[in-house]
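Below are the structure tokens for one structure; questions will follow.
The values are calculated or read from the model by the stated rules, or taken from the named source; none is laboratory data. None of the values given here were measured: they were computed from a predicted structure. With ideal geometry, Cβ positions are generated from the backbone for all residues, glycine too; neighbour counts draw on all protein chains shown. All accessible areas refer to the heavy atoms of the entire protein, side chains included, with ligands and DNA or RNA removed. Shrake-Rupley method; radii C 1.70, N 1.55, O 1.52, S 1.80 Å.
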Amino acid sequence: MIFSALVLTFDEELQIEGCLRSLGGAQGIVVIDSGSTDRTLELVTSYPKTRVLRRPFVSFSDQRNRGLDNCFQPGDWVFHLDADERLTPELASEIERLSPAEAEVAFNVASRTFLRGKPVLRASGYPVFQTRLTRAAYFHFEEIGHGQKAPAGFGSLPRLTHPYDHHPFEKGYAAWRERHERYAEREVEDVLSMRRRWSVREALADPIARRQWLKHVTARLPFRPALVWTYLMFLRGGALDGPAGWEYCRLRCVYEGLVRARLKAALASPSRRPHLE
């Protein structure tokens, strides 16, 4: 398979070069930038086979769908990455060997999370599959939380064997905190609006839907941050991931605390209380 890549960026001067280097086997690379003010675009334009689309960020699904519609030819295969993600050589080779049937329009791929250079497999729930290889004009992402997923109508998509690598902590705690403040606000809006009601059947069939369903069910529990930490450390086995896993569990607890604080404030505000029929 010949494939191209679509990368999303915003002030990613510390990460973007590693991402682009990993995409040496891609036919072309489109970078959609949502207003970087650091050296991101300078670094991007120094790489061959890259072109830049500048547009304000609305959501991950919106950015990726716009890129698929405007930057590729119908039928092109596109691998999707964020700047803090890397296409592994093993995964690149697996993609190149693919001979998809005409009816196939997307593949799911697992991400392998790293913290301080160490893989965090148990606490992160590895392998968790996301749709990352898609066929332009035949596939569009659906928004979910602060991320994206394949629309339910596509059913169970085929999975690739090898993972891509995710390095979400390399910019330091302050950058992680700032990004997750935004994610927490988005998650609270999603919980309050109840935009999507997952059935038990959907939750059991789709890991991404299952996580969203559990969030909606447990979002108002005052002890959710401690519950999540206990689950990741002991039931998931994060304690066996070593210091990187312990730190990962602590940061997940911090994030759940951010969500809890914003949800509590929103429920105390009459203007933001959900109006249920």
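Could you please give the count of residues in the range 37-51 that are β-branched (Val, Ile, Thr) and either open to solvent by 30 Å² or more (accessible area, probe 1.4 Å) or touching a Cys at 6+ places or on another chain (Cβ under 7 Å) (or both)?
The qualifying residues number 3.
Test residue 68 against the stated conditions and say whether it is at pLDDT 95 or above, crowded, with 21+ Cβ neighbours inside 10 Å, part of a loop (DSSP other than H, G, I, E, B) and touching a Leu at 6+ places or on another chain (Cβ under 8 Å). Outline the logic, then answer.
Values: at pLDDT 95 or above: yes; crowded, with 21+ Cβ neighbours inside 10 Å: yes; part of a loop (DSSP other than H, G, I, E, B): no; touching a Leu at 6+ places or on another chain (Cβ under 8 Å): yes.
Against the criterion (at pLDDT 95 or above, crowded, with 21+ Cβ neighbours inside 10 Å, part of a loop (DSSP other than H, G, I, E, B) and touching a Leu at 6+ places or on another chain (Cβ under 8 Å)), residue 68 does not qualify.
When the residues of the range 19-36 are filtered to those that are under 27 Å from residue 97 (Cα atoms) and of a type in the set (S, T, N, Q), which remaining residue is surrounded by the most Cβ atoms within 10 Å (Cβ to Cβ)?
Ranking the candidates gives 22 first.
State whether one or more residues within the range 9-18 are hydroxyl-bearing (Ser, Thr, Tyr), surrounded by fewer than 21 Cβ atoms within 10 Å (Cβ to Cβ) and outside any helix (DSSP H, G or I).
First, pick out the residues of the range 9-18 that are hydroxyl-bearing (Ser, Thr, Tyr): 9.
From what's left, surrounded by fewer than 21 Cβ atoms within 10 Å (Cβ to Cβ): none.
No - not one qualifying residue is present in the range 9-18.
Mind checking which pairs have a first residue in the range 243-265 that is open to solvent by 60 Å² or more (accessible area, probe 1.4 Å) and a second that is at pLDDT 95 or above and among the polar types (S, T, N, Q), Cβ under 7 Å, 6 or more apart or different chains?
none
Something else about it: Determine the pairs where a residue that is more than 13 Å from residue 120 (Cα to Cα), located within the range 163-182, has a partner that is part of a helix (DSSP H, G or I) with Cβ atoms under 6 Å apart, the partner being 6 or more residues away or on another chain.
If the second residue must be part of a helix (DSSP H, G or I), the pairs left are 164/91; 180/255.
Just one of (1) within 30 Å of residue 157 (Cα to Cα); (2) assigned to a helix (DSSP H, G or I); (3) at pLDDT below 95; (4) open to solvent by 30 Å² or more (accessible area, probe 1.4 Å) trips up residue 271, so point out which.
The single condition residue 271 does not satisfy is (1).
Among the residues of the range 30-64, count how many are among the hydroxyl-bearing types (Ser, Thr, Tyr), within 14 Å of residue 83 (Cβ to Cβ) and in a loop (DSSP other than H, G, I, E, B).
Looking only at that region, the number is 3.
Return the only residue of 99, 124 being open to solvent by 40 Å² or more (accessible area, probe 1.4 Å), over 24 Å from residue 52 (Cβ atoms) and either touching a helix residue (DSSP H, G or I) at 6+ places or on another chain (Cβ under 6 Å) or not in a strand (DSSP E or B) (or both). Working first, answer last.
On the way: 124 fails: open to solvent by 40 Å² or more (accessible area, probe 1.4 Å).
Among 99, 124, only 99 is open to solvent by 40 Å² or more (accessible area, probe 1.4 Å), over 24 Å from residue 52 (Cβ atoms) and either touching a helix residue (DSSP H, G or I) at 6+ places or on another chain (Cβ under 6 Å) or not in a strand (DSSP E or B) (or both).
Among 150, 136, which is the only one that is crowded, with 18+ Cβ neighbours inside 10 Å and within 20 Å of residue 99 (Cβ to Cβ)?
136
Okay, next question. For the range 102-121, name all the residues that are open to solvent by 30 Å² or more (accessible area, probe 1.4 Å), within 18 Å of the chain's Cα centre (by Cα) and aliphatic (A, V, I, L, M).
Answer for the range 102-121, where residues must be open to solvent by 30 Å² or more (accessible area, probe 1.4 Å), within 18 Å of the chain's Cα centre (by Cα) and aliphatic (A, V, I, L, M): just 121.
If I filter the range 153-194 down to residues being out of contact with any helix residue (DSSP H, G or I) (no Cβ under 7 Å at 6 or more places or on another chain) and over 25 Å from residue 258 (Cβ atoms), which single residue comes out as surrounded by the most Cβ atoms within 10 Å (Cβ to Cβ)?
Here the residue is 165.
Among the residues of the range 71-93, write down those that are farther than 19 Å from residue 139 by Cα, of a type in the set (S, T, N, Q) and open to solvent by 20 Å² or more (accessible area, probe 1.4 Å).
93
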